[in-house]
Amino acid sequence: MLTLSRWKIFLVVASLLFGLLFTLPNLVPSGVLPPWLPHQKLNLGLDLQGGSYLLLEVDTEALRKERLTNLTEDVRTKLQEAQIDFSGLGVVGDTIDVRITDPTKVDAAYTLLNSQLGERLLTGGRDVVMQRGPDQHIRVSFVPQAASAAARDAVSRSIEIIRKRIDALGTKEPSITQQGSNRIVVEAPGESDPEKLKAVIGKTAKLSFQMVDTEVAPEDVAAGRIPPDDILLPSDDGFAPAYVVKRRSVVTGEMLTSASGSHDENNAPAVAFSFNAIGTQRFAQVTSQNIGKPFAIVLDGRVISAPRINSAITGGSGIITGHFTEDSAHELALLLKTGALPAPLNVVEERTVGAELGADAVRAGAISLAIGAAAIFAFIILAYGLFGVFAAIALVINVMLIIGAMSLTQATLTLPGIAGLILTMAVAVDANVLIYERMRDEANSGRGPMASADTGYRRALTSIIDANVTTMISALIMFQFGAGPVKGFAWTLSIGVITSVFTAVLVTQVLIGWWFRAVRPKSLPIT
């Protein structure tokens, strides 16, 4: 066990070099190290660097209503295209109900809707179910699996869109994690303004281009007589308080390929955009058929501009004008470029950690780490003498390996992570205590120093592995089901468990093996 195999020496030397190379960037100022050396540094978490914390909740109820609204419009469009007269189309609870006027066309309408509505599920079948009702009624509703799948998809898509929006702000290493079934935790280190963060990530940013219905008289609008194909939307364009627009969108924000801040012909701030091939084709077709008519640019249910079509727009690009400032134009471009959220986000909790408080936390963490290390070093050296010095050296290498591994993986160090680091050092010393106590027992029973050391490592290894496997399982459970600081603690602890076993067993073994080869002792220094 104590033979100085080349592979053992190679692993110890390689680990020492790794620890030095990837820990060094955290100890020296930027720009000092030559470019060929690693430059990755530890990312400090929100509690150490300061920043903003948001707990967001995906509005699954709004998502459900939107899906029902879209399905209602699909029913309307399919029946109109097939020239099947109907009445009473609307949502009742979670079901869409429609009455077919002509009893001879009920079967045709049922077959049409059953074959063309909804999407196919991975498990087979479609995500909508059809039912016949009395008096020529047809009912359409989503299957339960579709609702839960849509909610899960909304959360995962929201996380990706939030990540893109925060990255566009320049915030480094944001932490965006799911909590529970419909909540998202956003931690943005270095971002001290949560209002700015909410303004960017909280907007749904659903963009659509819809034709304005100019045939509806103002008195009808005032009386609330809006055609079923239309909807009244409030306006922010400064020309009219509201517009009656067609429910069906001509083009949607999903068809945009780019968006950027720009200026119009009067040098006022605007947003330039361009469509993909499908969007270009649809926009060209609609504008060529509606020259002289206005169309509405709708953002999150509000008309931000309603320009008149002067000629067919076939180039697939244009600009959005409105009451923009330079900042608001760039912000809208950022939102459009990163895509719309599938559902609104509600802020459940928000807090800000100041940079000064983060600096205090760093100092407190460094002091606690130094005190913990000094106490551990003092104990192990006083208890085991020279072998305690070897264990202390192994602990230093252990800490370098942890910091190096976290720097390499660009992991985020949090205050609980520092606690995990201190706990890791204690666990590593515990492994050395098991080994040395076993050596002492073997020496007291009459074995020679080499045999005692060899037996101590061999027989203590089983207990060390058992103890660290249980610790690793606990860390993995915390990492899987925890959030925020709990994950930071679990990640540091997981890395520490692996490096602790390596340093406590292999590094001390090589050091003790060298000592045996150089001194050839008659007895162990720990008896």
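Here are the numbers:
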| item | result |
| --- | --- |
| Cα centroid separation - segment 190-244 against segment 25-66, whole Å | 35 |
| Rel. contact order, % - alpha carbon contacts under 8 angstrom, at least six apart, segment 186-277 | 23 |
| Backbone N within segment 37-55 under 12 Å of label point (7 Å from L369 Cα along the Cβ vector) | 42-45 |
| Cross-link partners of K8 among aspartates and glutamates (Cα-Cα below 19 Å; sequence separation of 8 or more within a chain) | D454 |
| Mean projection area, nm², convex hull over Cα of the chain | 34.4 |
| Kirkwood hydrodynamic radius of segment 1-74, from inverse mean 1/r over distinct Cα pairs, in Å | 18.3 |
| Gained length - S523 relative to V91, 0.36 nm times residue gap less alpha-carbon distance | 146.7 nm |
| Virtual spin-label span in nm between R225 and D441, 7 Å along Cα→Cβ | 9.6 |
| Alpha-carbon spread of segment 206-324, three principal axes, descending order, Å | 40, 28, 25 |
| Relative contact order computed over the chain (Cα-Cα under 8 Å; 6+ residues apart), in percent | 20 |
| Estimated distance in nm for a label pair at D153 and F239, the labels positioned 7 Å out from Cα along Cα-to-Cβ | 3.7 |
| FRET E, pair F379, Q480, Förster distance 30 Å, beta-carbon r, rounded to 0.05 | 0.35 |
| Debye, to nearest 20: dipole size of the chain, +1 on Lys, Arg Cβ, -1 on Asp, Glu Cβ | 2400 |
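Here, each number is a calculation from the coordinates, and none is a lab measurement. This structure is a prediction, so every number in the text was calculated from the model and none was measured. Ideal geometry is used to build each Cβ from the backbone, glycine not excepted, and the neighbour counts take in all protein chains shown.
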